[in-house]
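Down below is the structure, laid out as structure tokens.
The values are calculated or read from the model by the stated rules, or taken from the named source; none is laboratory data. Everything numeric here is computed off the predicted structure, so don't read it as measured data. Cβ sites come from the backbone with ideal geometry, for glycine too, and all protein chains shown count toward neighbours. Surface accessibility is based on the protein's heavy atoms, side chains included, excluding ligands, DNA and RNA. Shrake-Rupley method; radii C 1.70, N 1.55, O 1.52, S 1.80 Å.
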Amino acid sequence: MIEDDPTAISVGRFLAHPPAKVWRALTEPELLARWLMPGDFRLEVGHRYLMNTRPVPATGFSGKVLAEVLAFEAERMLQVSWKDAERGGTDWTLTWTLRPEGRGTRLFLLHEGFDPGNPLHQRSRGIMGGGWRGHVMRALERVLGAEEEVVPMSGQAGRFRAAADGFAARIAAVPPGGWDAPSPCPGWSARDVAAHVISETRRIAATVRGTSPEPVHGVGLAAMGTPPRVESDAALGDAWARVSADLTAAIDDPACRAAKLPTPVGETPFADVAEALPEDVLVHTWDLARATGGDERLDPGLVAHVYEHLKPMDEALRQPWAFGPKLPVPAGADLQTEFLCFVGRKV
């Protein structure tokens, strides 16, 4: 494919990193979110997923991409389809090819599907071609950065990721029929707890990115503090993987960190909120485990960190959409029990 073919964009770049490392950046959702777009990618032929970025009014692009994995050969080739999730229209095919070159990798992208006779397609091709060759490849190179294994997370992002992984494990462990079990949250089932955490995480990510929350894998929309409607075929694990990856990436995104969020102590920059961000996930991890007979043990380091940041806001936290009254701490209680009593959980 020659460079000026009006039906395609062709990009080639040498990367001073081995194919295995480049492959990780192409296929691991957290890394994709750092240089391309957040989404619930999974390396499985036929897997369909959504990605979100900023709209491009000049081309009519909504900022929402519906994608599907078409084919792959590990560390050699990845082919996906793309189209606008809201406006439909053009079906693009993107093929990434990796070739070892010395101690690095020659990475090729072939982006096909442009109509040579359509002026809007050609305008899109010019804009997208400049993006692929410019800021997207530069972002990929930063992720692969020579001084980093793969852009290490900040402490804030790492703590949230650890909490998210714990919640994912409790979702995966829910037994058949367990989703209807009552939870420690009055009037909520285990399903409500999971849907609430997904909804709140999605809401925060959308707020700091300046977008609107969207339904995800069968989990609908709801007001803050209210569990959303969940479809009968909802994939709660997939929904959580997507929204938690999106928020993890946002924590270290400079464009997101200055955004303001409503908190019990007033409008607060996201950079400050992120310090105690795992608290909702952490508390509801215990709720979900208690409701479904799962593992109730929480990460001790996360408990200690979140507890220390919540203590100064004690009275401000006692809101209908936050925490109820504290409970007495049993004699000889460990830190997790003390923390759970602080947030009003009867252990």
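Give me the extension gain from residue 120 to residue 93: residue separation times 0.36 nm, minus the current Cα-Cα distance, reported in nm with one decimal.
8.0 nm
Take every Cα pair under 8 Å in the chain that's 6+ residues apart, average their separations, divide by the length, and report that relative contact order as a whole percent.
Across the chain, relative contact order equals 14 percent.
Can you count the Lys pairs in the chain with C-alpha separation below 19 Å, eight or more apart or on different chains?
Lysine pairs meeting both conditions in the chain amount to 4.
At a Förster distance of 22 Å, what's the computed FRET efficiency of residue 70 paired with residue 133, Cβ-Cβ distance as r, to 0.05?
0.45
With label points built 7 Å along Cα→Cβ from the Cα atoms of residue 221 and residue 255, find their separation and express it in nm.
It is 2.1 nm.
Using the basic label-point model (7 angstrom from Cα toward the beta carbon), what is the residue 45 to residue 85 distance in nanometres?
The modelled label-to-label distance comes out at 2.5 nm.
Stokes-Einstein at 10 °C, 1.306 mPa s, Kirkwood radius from Cα pairs: D for region 1-134 in µm² s⁻¹?
Calculated translational D: 103 µm²/s.
What does the charge dipole of the chain about its Cα centre add up to, to the nearest 20 debye, if the Cβ of each Lys and Arg holds +1 and the Cβ of each Asp and Glu holds -1?
Roughly 400 debye, rounded to the nearest 20.
For a quick check of your reading of the filter: which GluC sites (Glu not before Pro) in region 30-125 sit in a DSSP loop and have no more than 15 other Cβ atoms within 10 Å?
Here the sparse-neighbourhood loop sites are 44, 86.
How much length, in nm to one decimal, is gained on full extension between residue 308 and residue 331, taken as 0.36 nm per residue of separation minus their Cα-Cα distance?
6.3 nm
Karplus couplings for region 284-295 from phi (6.51 cos²θ - 1.76 cosθ + 1.60, θ = phi - 60°), rounded to Hz, Gly and Pro as x?
6, 5, 5, 4, 5, 5, 5, 5, 10, x, x, 6
Over the chain, average the accessible area per residue using a 1.4 Å probe and give it in Å², no decimals.
Solvent-accessible surface per residue comes out at 46 Å².
Can you give the local net charge around residue 61? Use residues other than it whose beta-carbon is closer than 13 angstrom to its beta-carbon, Lys and Arg +1, Asp and Glu -1.
Net charge in that neighbourhood comes out at +4.
What longest range of the chain stays clear of loop-exposed trypsin sites (Lys or Arg not before Pro) (DSSP non-H/G/I/E/B, at most 15 other C-beta within 10 angstrom)?
Between the exposed loop sites, the longest stretch runs 104-228.
Leaving ligands, DNA and RNA out of it, report the carbon-plus-sulfur percent of the accessible area of region 233-347 at a 1.4 Å probe.
55
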